[in-house]
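Here, each number is a calculation from the coordinates, and none is a lab measurement. Fair warning: this is a prediction, and the values are worked out from it, not measured in the lab. Positions of Cβ are backbone-derived with ideal geometry, glycine not excepted, and every protein chain shown enters the neighbour counts.
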Ligand code: ADP
Ligand code: MG
């Protein structure tokens, strides 16, 4: 069902009618697209995808159907504010929400072959088949990130070329391979593509992709459980080890020690190691000299932020995959307006798709502007997040950022760090800088801690959710 066939300007109350006649599926699709960007993947999958729909819209009252009573309660309590905020923004009116349980929601979803509710960038071409899928899983390699969907330009061509060489001829000339570059330039994508391509060629080989944070956590757990031998075994038998974001082990003594041994052992056995880092490792002041030397002892490839041409090429390719018909001058407009992170480009494209679908119109300059506007609005500054948390806990911002160890200050501070990480996607270093230049490992610890508390303590989950929705709604 499309928007009213009558032209909108001839209607006395255009917005209300627009709202009534709006395609429910499209509208909910837009809401889901935004929720997907705002929530963690797991939360989104658990509560929204395929489990919710708009059942009815009348006089600005939107009835949201939920697949089960439990689902309904959860969404009503935690996400009502966020959903309303998105609906108000995309419809331009002050909506009211009602929630109900409807078994139709699920069956609707099951009978539809291609789910249309949520847009996401479809990344992978073909099903790898069950056996390969299994080795991907063991290696923590995703089928979505491949060389074939990695678009090459000037800024990343060296990294791409040596990445391919490593996948084709592991432990050859480039061992270790270290790629470095800023946020969202494709480091993780490249490491994953190396893992994927390597496994396709060597299905029986052992590969492992791991972030240095997970490596650290694994190690700490192994020490606690007195299972260091198992920990060692896990790494020393690998043919390919991909470690993402090695900057996080800087400053952690025992992790560096362990990593040094793992590295040496694999290297001595002629096994391939690939590392990524968010900067030139020589700039990591807390990284042991001997590790620095190891890291840059093979091949080092820098990935620069994408230039305009590459941004355009990426947007074109992703638009095509999304099935969006968007004229080249408009692609250019997006590419010019948006910055250096490819993740940001993807987000913008999803928003353009949502806006276009919602208004059921061709993508034009207006659509692009609205979408970019939404994107910028969605980004909260660190200062806004800090203010919000401080006022929630009735603390001065200075205390929140300060060094007091008293419990009533430490918890809000940890929550603030967690929210900065989740809501504004800041790096651990950037966050640490906001808190009197604390060590970034304190931030990692705090974020992990709050994440655990949110999972295990409903009261804390509620506080965090309240803060989150406050931050996104203002
Ligand atoms: P980083 O790890 O450097 O922060 P990612 O690898 O996570 O960045 O990339 C961010 C997003 O941009 C991912 O969705 C990734 O697939 C996409 N991306 C990055 N570089 C490219 C590229 N050259 N071609 C296509 N997509 C890319
Ligand atoms: Mg990454």
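Across all C-alpha atoms in region 183-294, the radius of gyration and Dmax reach 13.9, 39 Å.
Helix 157-168 and the longest principal axis of the C-alpha atoms of the chain enclose an angle of approximately 60°.
Under 1.5 on a/c is rounded, so check that first for region 305-359, then, if it is not, pick prolate when a/b is larger than b/c and oblate when it is not; a ≥ b ≥ c are the square roots of the alpha carbon gyration tensor eigenvalues. Since a/c reaches 1.5 and a/b is larger than b/c, the shape of region 305-359 is classed as prolate. Between 0 and 90 degrees, the angle of helix 69-91 with respect to the longest Cα principal axis of the chain falls at about 70 degrees. Helix 187-201 and the long axis of the chain differ in direction by around 70°, with both axes built from C-alpha atoms.
Please find the FRET efficiency linking residue 401 to residue 98, where r is the Cβ-Cβ separation and R0 is fixed at 41 Å, and quote it to the nearest 0.05.
Values: r = 41 Å, r/R0 = 1.01.
It comes out at approximately 0.50.
For the pair residue 337 and residue 233, the difference between a 0.36 nm per residue extended length and the Cα-Cα distance amounts to 32.5 nm. Apply the a/c threshold of 1.5 to the C-alpha gyration tensor of region 156-247 and tell me whether it is rounded, prolate or oblate. Note, shape of region 156-247 comes out oblate. For the chain, the relative contact order is 14 percent, taking Cα pairs closer than 8 Å that sit 6 or more residues apart in sequence and dividing their mean separation by the residue count. Shape class of region 295-416 from the alpha-carbon gyration tensor: oblate, with a/c at 1.5 or above and b/c at least as large as a/b. Computed over Cα pairs, the Kirkwood radius of the chain leads via Stokes-Einstein (1.567 mPa s, 4 °C) to a diffusion coefficient of 53 µm² per second. The sum of -39500 (n - 2.57) across all DSSP H runs of n ≥ 4, divided by the residue count of the chain, sets its helix-only mean residue ellipticity at 222 nm to -18000 deg cm²/dmol.
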